Amino acid sequence: MGFGQHQSFYFRPSWINKGLEHIGQNSRFFYEKNHFEILGLGKNMAKSLRHWLIATNVVEEQKGKQTVHTFTDFGQIIYKYDRHLQHGLSLGMLHYYLVTNKDMATSWYWFFNEYRESVFDRERLITALEKWIEVSGLKAVSPNTLKRDIDCLLNMYVLKDYKNLTPEDVISCPLENLEMISKNVSNYYTKSFADVDEIRDILFVSLLVYSEKHGQNEFAVEELAESPELWGKVFNLSRSAIVEYATQMTEGYPIRFIRTNKLDTILLTKEITSIEALKEKFEQYSKEVSSYA
């Protein structure tokens with residue numbers, strides 16, 4: 001399990017591009033003595049960047065005589081089409097890979113896949129995480145480490161009010177733009193569904209990733225709503241929202257939505273990999289942008 005590996009820093013808008021750029025030139029970049037100076041980051045921030053690159057599946061670490069970092073297929077797509085993370089599909093898939101990475105981002109996995117409350121405060125969240133670790137039989141984790149995880153998670157996802165801040169004070173995370181956690185004046189937080197224009201594309205590609213990982217092409221709506229790593233949990237979607245999106249996605253996506261009295265089922269009807277689908281979507285976006293130019 002992976003707790004506290006982020007060094008208390010969430011990733012900034014330019015970090016993914018910076019990391020990919022340097023790894024593309026030197027697979028041993030993060031083992032160079034002056035790598036953090038080249039990045040323009042402190043040593044702990046550089047460690048954090050390396051963690052986020054791997055945890056979000058844009059980079060993989062390969063161990064041998066010498067440990068190296070290389071682009072994943074997903075990382076190659078991001079670097080080619082959206083290295084500055086301007087597109088909702090990129091954000092949605094970074095989020096998906098992160099919160100389904102139980103080994104490297106355990107607190108993130110727990111929050112989006114296991115934690116059932118939709119309204120909470122920071123202390124309630126920390127207590128619930130401690131209890132889950134105990135009940136799951138995992139090795140005990142320092143309370144301070146769990147607090148740092150929760151603080152980092154909330155700071156990554158809560159959309160901040162930048163109106164009264166100077167540019168120097170703005171420290172944002174791209175995943176804020178998914179608007180999946182909001183905070184009110186009483187310091188209570190609320191889960192909300194991922195509301196971006198590309199949500200259908202995100203749902204489709206994430207379902208392909210799940211299918212590749214688990215060898216499954218047919219999904220009951222209840223499963224999509226309640227099971228870890230699927231739509232309801234990962235994107236905070238209700239059953240009714242899942243039914244609505246599934247109905248819409250029968251047009252334009254290789255998806256069949258079978259409705260019966262007993263069981264509503266979604267079926268993937270075309271053999272296409274998640275990477276092929278991502279490439280197709282980004283090629284399509286590029287053409288649409290060109291047509292408006």
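The values are calculated or read from the model by the stated rules, or taken from the named source; none is laboratory data. Please read these numbers as outputs of a predicted model, since none were measured by experiment. Note that each Cβ is placed from the backbone with ideal geometry, even for glycine, and that neighbours are counted across all protein chains shown.
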Which of the residues belonging to the range 14-39 are aliphatic (A, V, I, L, M) and surrounded by 15 or more Cβ atoms within 10 Å (Cβ to Cβ)? 16, 20, 23, 39
Test each condition in (1) touching a residue at least 12 places away in the same chain (Cβ under 8 Å); (2) not in a helix (DSSP H, G or I) for residue 210 and report the one that comes out false. (2)
Based on what the data block shows, is residue 36 under 20 Å from residue 72 (Cα atoms), touching a helix residue (DSSP H, G or I) at 6+ places or on another chain (Cβ under 9 Å) and modelled with pLDDT under 95? no
When (1) outside any loop (DSSP other than H, G, I, E, B); (2) modelled with pLDDT of 95 or more; (3) surrounded by fewer than 21 Cβ atoms within 10 Å (Cβ to Cβ) are applied to residue 228, the one that fails is (1)
Could you tell me whether the range 160-167 includes any residue that is farther than 30 Å from residue 223 by Cβ and either touching a residue at least 60 places away in the same chain (Cβ under 8 Å) or assigned to a helix (DSSP H, G or I) (or both)? yes
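Every residue, every condition in (1) under 18 Å from residue 213 (Cβ atoms); (2) among the charged types (D, E, K, R); (3) touching a residue at least 24 places away in the same chain (Cβ under 8 Å), yes or no:
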residue: 3; (1), (2), (3): no, no, yes
residue: 12; (1), (2), (3): no, yes, yes
residue: 77; (1), (2), (3): yes, no, yes
residue: 83; (1), (2), (3): no, yes, yes
residue: 87; (1), (2), (3): no, no, yes
residue: 101; (1), (2), (3): yes, no, yes
residue: 106; (1), (2), (3): yes, no, yes
Suppose we filter the range 243-293 for residues that are part of a helix (DSSP H, G or I) and among the aliphatic types (A, V, I, L, M); how many remain? 6
Which is surrounded by fewer than 17 Cβ atoms within 10 Å (Cβ to Cβ), farther than 25 Å from residue 138 by Cβ, small (Gly, Ala, Ser) and in contact with a helix residue (DSSP H, G or I) (Cβ under 8 Å, 6 or more places away or on another chain), of 42, 92, 88? 42
Does residue 126 satisfy the condition of being over 26 Å from residue 197 (Cα atoms), within 13 Å of the chain's Cα centre (by Cα) and modelled with pLDDT of 95 or more? no
Keeping to the range 118-133, report how many residues are without any contact (Cβ under 8 Å) to a residue 12 or more places away in the chain and either among the basic types (Lys, Arg) or in a loop (DSSP other than H, G, I, E, B) (or both). 2
Select, from 201, 264, the only residue that is more than 24 Å from residue 120 (Cβ to Cβ), touching a helix residue (DSSP H, G or I) at 6+ places or on another chain (Cβ under 6 Å), of a type in the set (D, E, K, R) and modelled with pLDDT of 95 or more. 201
Between residues in the range 270-286 that are at positive phi and surrounded by fewer than 17 Cβ atoms within 10 Å (Cβ to Cβ) and residues that are in a helix (DSSP H, G or I) and modelled with pLDDT of 95 or more, which pairs lie under 6 Å by C-beta distance while being six or more apart or on different chains? none
